[in-house]
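*Asks:* Got a structure for you, questions after.
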Amino acid sequence: MKQATYTITENTLLAPSVYRMALVGDTSPITAPGQFINIALDGLYLRRPISICAWNEKGLAIIYKVVGRGTEQLSRLALGQTIDALTGLGNGYDVSACPNTPLLVGGGVGVPPLYGLAKALLAAGKKPSVILGFNRADEIFGDMEFAALGVPVTVTTADGSAGVKGFVTDAMKGGEYVCACGPEPMLRAVYQRASDGQFSFEARMGCGFGACMGCTLETRTGYKRICKDGPVLGYREIKW
């Protein structure tokens, strides 16, 4: 973990209430896809945790949805402004544990960390495919970015306005090794259809680095802190 200052070079609307922010600054603490940064915002006591979409030696990108005061304030920040963030947080996806053809499944703002994972898998010589789930067509984002990597993409919408009508599980064959990220009801449903994999959980966090124990989840191997032991947990650890 490291505290650093980042300069905003992009803060654009991708879909209703969903923004992409690019930040220039130190990314050396980031070691795996699925990790997150914890952003300090003026007037708010707690930092806001946002998953990392992609990164390189110069900076990183995050994609976030406006759901409250913190993310609304984040959406109003202009290019050239700086933010204070803790980075290199969390336990990300283990690329080496993935088979040659893993299935990546994301719902809504659970999609962004899977992009960084897809790049890491490709760099390791593996061939992922992706299923992305949204409520309706105007909420879709990220599909073209995955396609540009050469990754096969299937989009589902709950109302059938684009792609496969239904949920991400309707596009799964069943029995796959899955790397998933999204709301817990989606993770639970995907878990029931998968044979193995890695699942990234969302949780309200206090400190973001394991000190306060506020984001503890019971697993088959004991209680785990989502911010430090997670957010990515192995299939066989999860207790539902």
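Every number in this text was worked out from the coordinates using simple rules, so none of it is lab data. Just so you know, these numbers come straight off a predicted model, no measurement behind them. All Cβ positions, even for glycine, are placed from backbone atoms using ideal geometry, and neighbour counts span all protein chains on display.
*Asks:* Could you say which residue among 222, 182 is of a type in the set (Gly, Ala, Ser) and touching a residue at least 60 places away in the same chain (Cβ under 8 Å)?
*Replies:* Of 222, 182, the one residue that is of a type in the set (Gly, Ala, Ser) and touching a residue at least 60 places away in the same chain (Cβ under 8 Å) is 182.
*Asks:* Here is a follow-up. Residues in segment 65-122 that are farther than 16 Å from residue 49 by Cα, not aliphatic (A, V, I, L, M) and not in a helix (DSSP H, G or I): how many?
*Replies:* Count: 13.
*Asks:* Among 203, 162, 147, 211, which is the only one that is part of a loop (DSSP other than H, G, I, E, B) and loosely packed, with under 14 Cβ neighbours inside 10 Å?
*Replies:* On inspection, the qualifying residue turns out to be 211.
*Asks:* Next question. Could you check segment 32-53 and list, in sequence order, the residues that are more than 15 Å from residue 179 (Cβ to Cβ) and part of a loop (DSSP other than H, G, I, E, B)?
*Replies:* Those that are more than 15 Å from residue 179 (Cβ to Cβ) and part of a loop (DSSP other than H, G, I, E, B): 41, 42, 43, 44, 45, 46, 47.
*Asks:* Quick test of your reading of the structure: residue 21 fulfils all but one of (1) under 23 Å from residue 120 (Cβ atoms); (2) in a loop (DSSP other than H, G, I, E, B); (3) in contact with a helix residue (DSSP H, G or I) (Cβ under 9 Å, 6 or more places away or on another chain). Name the failing condition by number.
*Replies:* Among (1) under 23 Å from residue 120 (Cβ atoms); (2) in a loop (DSSP other than H, G, I, E, B); (3) in contact with a helix residue (DSSP H, G or I) (Cβ under 9 Å, 6 or more places away or on another chain), residue 21 violates only (2).
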